[in-house]
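Here is the structure we will look at.
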Amino acid sequence: MSIDRRTFLRTSALAGATLAAPAFRKLSGSPNERFRVACMGVRGRGRGLLYGFAELPEVEVVTVCDVDSRLFEERVKRVEELQGKRPAVETDFRRLLDDKSIDAIVMGTPTHWHAIPTILACQAGKHVYVEKPASHNIREGQAMLKAARKYNKIVQVGIQSRSGSNYEEACDYIRSGVLGKAMFAKGWESARQGSIGHPADEPTPKGVDYDMWLGPAPKRPFNPVRFHSNWRWFFDYGCGDLGNDGVHRTDYARRGLAAAFEAQGKTLPDWPTAVSTSGGKYFFDDAQQWPDTLIVNWDYPGATLMYEMRLWSNPPIEGFAEGAAVYGENGYVIIGNGGWRAHGPKGELVKEGSGLKSDDDVKHKRDFLKCIRDGGTPACDMQIGHVASGLIHLGNAAWRMDQKLHFDAKTEQFKEPEANKYLGRTYREPWVLPKV
């Protein structure tokens with residue numbers, strides 16, 4: 001198959017060269033001007049993002065991009081119903097970069113396909129909304145943050161609780177100092193998941209560009225449980241449930257602990273000094289590689305952040321199957337999707353707050369768009385997303401090393417040299433991490 005010069009140069013650029021940013025459409029600032037958006041990865045969470053942006057009157061979804069063309073008919077039809085205009089379809093995201101009329105790319109792809117398109121989009125003059133976790137590993141997060149800053153682009157990470165007023169309510173309460181000294185916080189996940197079994201490899205389905213789906217990951221035969229939503233349970237593509245739901249709950253807990261530090265006139269550092277884990281794949285006899293049972297401890301100066309994960313157990317913790325808590329000498333605060341509660345020193349309920357609101361997800365999208373038009377820092381800027389995702393990567397590295405690891409915040413490297421292999425990955429050419 002022949003490829004034209006532009007495609008050849010674009011592909012070659014992925015081997016390490018920095019792309020020159022082309023001229024791109026400048027927004028006029030008029031409130032009536034619509035943002036031209038392309039959505040990349042449109043199954044699962046990506047489908048929710050696609051329809052969510054298409055519902056906004058200030059947005060026109062101009063292109064739907066996915067390596068699985070079997071999805072196009074349904075997605076395009078629904079987008080047309082929502083916005084009154086039919087989007088184009090594309091199977092190769094690089095053509096989105098070449099379209100100078102596109103303002104932003106919304107990324108609902110598997111995690112191993114977050115960093116490369118985000119960096120290239122910033123270099124091509126486009127803003128990015130990327131789902132959580134922001135990156136597949138810490139090195140990718142560093143490069144994504146560097147690209148966002150160097151090319152002056154808005155990169156919003158899909159940790160939607162950062163736009164939720166209920167979470168900030170809880171943090172404001174903690175910030176008031178009512179807990180006294182608070183040195184411990186935890187997040188958790190105890191909602192039961194299912195087995196994915198041990199299905200055999202299969203021929204690649206017609207309509208799927210599987211080589212493109214693999215991208216930077218090693219070449220492997222097609223298997224239905226390594227594809228679409230189940231990719232998150234494999235080392236090559238995802239970060240397990242710690243990176244799936246855990247990134248949310250850990251962020252609740254860390255925000256609450258940071259608020260408690262503020263109340264004490266201190267600042268919680270972005271990065272811990274050490275991380276340790278306990279757990280494994282104990283319950284499910286299936287093809288998953290990541291653990292189904294896990295405890296993670298991140299050590300900070302004068303405090304501990306913890307995460308507890310039990311994917312086989314339904315009983316909730318503190319009344320929430322998914323949540324977080326901040327514990328102080330004078331009481332504690334529980335934060336969940338359904339609300340937040342403050343308890344006194346004897347466990348008595350002293351205050352309650354609201355839960356997740358139906359428009360919080362919309363607020364997160366509109367916060368992204370507002371920052372593109374008016375400037376400013378989004379609620380979950382890439383810096384916040386890098387740290388939130390980075391904590392997950394540190395925990396996963398400690399689990400894979402099966403030892404306590406010590407982290408140097410200045411260099412963002414482990415003090416145990418052998419563990420640094422888990423700060424990055426091996427890339428399959430030509431899909432290497434672009435230079436920034």
* Can you give me the three principal axis dimensions of the stretch 281-349 from its C-alpha atoms, in Å, biggest first? => 45, 31, 18
* Structure fact -> Listed by chain and number, the residues whose amide H is under 5 Å from that of W312, excluding neighbours fewer than 5 places away on the same chain and using placed H, are Q193
* Would you pull out the residues with amide H under 5 Å of T109's amide H, same chain only if 5 or more places away, H placed 1.01 Å from N? => E131
* **Ranked list, fewest to most other Cβ atoms within 10 Å of each Cβ, for W271, W113** => W271, W113
* Where a Cα-Cα gap under 21 Å defines reach, which lysines qualify for K351, not counting those fewer than 8 residues away within the same chain? -> K181, K186
* To do: Give the Cα extents of the stretch 148-187 along the principal axes, in whole Å, largest first.
  => 43, 20, 20
* Asked: Which Cα, out of Q123, P133, A170, lies furthest along the positive dipole direction of the stretch 65-210 (beta carbon charges, K/R +1, D/E -1)?
  -> A170
* Structure fact -> Yeah, the stretch 98-214 with a ≥ b ≥ c from its alpha-carbon gyration tensor (a/c under 1.5 is rounded, else prolate when a/b outruns b/c, oblate otherwise) is oblate
* Asked: Helix 138-150 versus the longest principal axis of the chain: what angle, 0 to 90°, nearest 10, using Cα atoms?
  -> 70 degrees
* Would you mind computing Rg(Cα) / (2.2 N^0.38 Å) for the stretch 209-256, counting N as its residues? => 1.43
* Structure fact -> Counting sequence-distant residues (5 or more places) and residues on other chains, those with an amide H built under 5 Å from that of K351 are A342
* Structure fact -> With Cα springs under 10 Å, the Gaussian network model of the chain assigns the largest mean-square fluctuation among A253, A379, A321 to A321
* Asked: Under a straight-distance cross-link criterion of Cα-Cα below 13 Å, which aspartates and glutamates are reachable from K435, leaving out those fewer than 8 residues away in the same chain?
  -> E140
* Structure fact -> Per the helix-only model, the chain has a calculated mean residue ellipticity at 222 nm (DSSP H runs of ≥4, -39500 (n - 2.57) each, divided over all residues, rounded to the nearest 500) of -9500 deg cm²/dmol
* Asked: Using a Gaussian network model of the chain with C-alpha springs under 10 Å, which one of G280, G164, G347 is most mobile by mean-square fluctuation?
  -> G347
* C-alpha long axis of helix 165-175 to longest principal axis of the chain, angle in ° -> 40 degrees
* For the stretch 107-117, 3J(HN,Hα) per residue [Karplus equation, 6.51 cos²θ - 1.76 cosθ + 1.60, θ = phi - 60°, Hz, x = Gly/Pro] -> 10, x, 7, x, 4, 5, 10, 8, 5, 4, x
* Sort the stretch 317-436 into rounded, prolate or oblate with this rule: let a ≥ b ≥ c be the square roots of the eigenvalues of the Cα gyration tensor; rounded if a/c is under 1.5, and if a/c is not under 1.5, prolate when a/b is larger than b/c, oblate otherwise. => oblate
* **Global geometry of the chain, whether rounded, prolate or oblate, following the gyration tensor of its Cα atoms and the 1.5 cut on a/c** => prolate
* Asked: What are the extents of the Cα atoms of the stretch 227-287 along their three principal axes, listed from largest to smallest and rounded to whole Å?
  -> 48, 25, 19
* **Listed residues P218, G265, P203: farthest to the positive end of the dipole of the stretch 149-273 (Cβ charges)** => G265
* Asked: Counting Lys and Arg as +1 and Asp and Glu as -1, each charge on the Cβ, what is the dipole of the chain about the Cα centre in debye, to the nearest 20?
  -> 1080 debye
* To do: Determine ³J(HN,Hα), in whole Hz, for all residues of the stretch 177-187 in sequence, where each value follows from phi through the Karplus function 6.51 cos²θ - 1.76 cosθ + 1.60 and θ = phi - 60°; x replaces Gly and Pro.
  => x, 5, 7, x, 5, 10, 10, 8, 9, 9, x
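Readers should treat all values here as calculations from the given coordinates under stated rules, not as data from a laboratory. Remember, it's a predicted structure, so these values are computed and weren't measured experimentally. Every residue, glycine as well, gets a Cβ built from its backbone with ideal geometry; the counts of neighbours run over all protein chains shown.
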